[in-house]
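The values are calculated or read from the model by the stated rules, or taken from the named source; none is laboratory data. Everything numeric in this text was worked out from a predicted model, so none of it was measured. Neighbour counts are summed over all protein chains in view; Cβ atoms, including those assigned to glycine, are modelled from backbone coordinates with ideal geometry. Please note that ligands, DNA and RNA were not included when accessible areas were found on the heavy atoms of the full protein model with its side chains. Shrake-Rupley method; radii C 1.70, N 1.55, O 1.52, S 1.80 Å.
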Amino acid sequence: MDLKSLSIYLKSISIDWKLALPIIIAIVGAIMAHALTIRRERSKFYLECFQNLISPAYFRTLRFLTVKGLPYRFIKDGNTSKDLYDDILGFMENNIKYAPPNVINQLAEVKLHLSLHFTQIDSNSPYLRAVKSDEIALCLVVLKEYKKYCKRIKILNKQTRKDITLLQGLCVMWFFLFTGTNINTADLVFKHKDLIIKNINLKRLSRKSKKFLRNKDIIFQVGDYKKFIEKEIIKKLPAEEALEFQENIN
């Protein structure tokens, strides 16, 4: 069919717009209503997840990070970091239906490591180190999800964003020290977190946090850890706290 024949054919088709227009409007209206319903249901689901899992898990995580690294005598209510971590795990397992995929994956990894039978009691045992690193890895996942859901339901403010960035930076620093030194040195990050936040450049801390979150498989040399500790922590902290770090890495 040539263009002339096609033109003649199209002109021969008569459309009753009085009949067609209401149908078109009804179809467009149905599509828009369906889209709005999906959007409303998604927002409702995000809010339910936030209220029933993400927000309570976040505040439990804050409490855990506050207590982690403190000697037992400084803990007012008697709950150790292990008690608080077990509380986080139990709460998240009981509300697993509200968990996003990365939270489920992290919980599965945690449960796998906890199910292993430890035959070594050395703190440098790879199994025990995996269990300890799971604690902070789970905290990082919770912090990330809390920030994401706050943004989704439009309640994320500058102060919350700043607080989460600081905590992510501290967790990354903990991983950095734990991988290169030992658990005692790493836990000093949370014991002296106020001084670290006060004395360390927060923008650099945020950049290290984002770099780590993009690639958790970065491998540093042992010498790099010691240089990092001496340059970024020991030289910037008061003498007493600096000495505590120095004693633990030697």
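Annotations
- Filter result (open to solvent by 20 Å² or more (accessible area, probe 1.4 Å) and over 17 Å from Pro238 (Cβ atoms)) within the stretch 193-206: Asn201, Leu202, Lys203, Arg204, Ser206
- Long-range neighbours under 7 Å by Cβ, at least six apart or interchain, first residue more than 15 Å from Ala57 (Cα to Cα) within the stretch 101-113, second of a type in the set (Val, Ile, Thr) and open to solvent by less than 80 Å² (accessible area, probe 1.4 Å): His113/Val131
- Ile229 loosely packed, with under 13 Cβ neighbours inside 10 Å and either at pLDDT 65 or above or not in a helix (DSSP H, G or I) (or both): no
- None of Phe220, Phe190 is modelled with pLDDT under 65, surrounded by 10 or more Cβ atoms within 10 Å (Cβ to Cβ), closer than 27 Å to Thr61 by Cβ and not polar (S, T, N, Q) except Phe220.
- Restricting the first member to the stretch 36-55 and to residues that are surrounded by 13 or more Cβ atoms within 10 Å (Cβ to Cβ), and the second to residues that are of a type in the set (D, E, K, R) and assigned to a helix (DSSP H, G or I), the beta-carbon pairs closer than 7 Å and six or more apart or on different chains are Tyr46/Arg152; Ile54/Glu145.
- Among the residues of the stretch 176-185, those that are crowded, with 19+ Cβ neighbours inside 10 Å and in a helix (DSSP H, G or I) comprise Phe176, Leu177, Phe178, Gly180, Thr185.
- Residues of the stretch 97-154 classified as among the polar types (S, T, N, Q), surrounded by fewer than 16 Cβ atoms within 10 Å (Cβ to Cβ) and either assigned to a helix (DSSP H, G or I) or modelled with pLDDT of 90 or more (or both), total: 3
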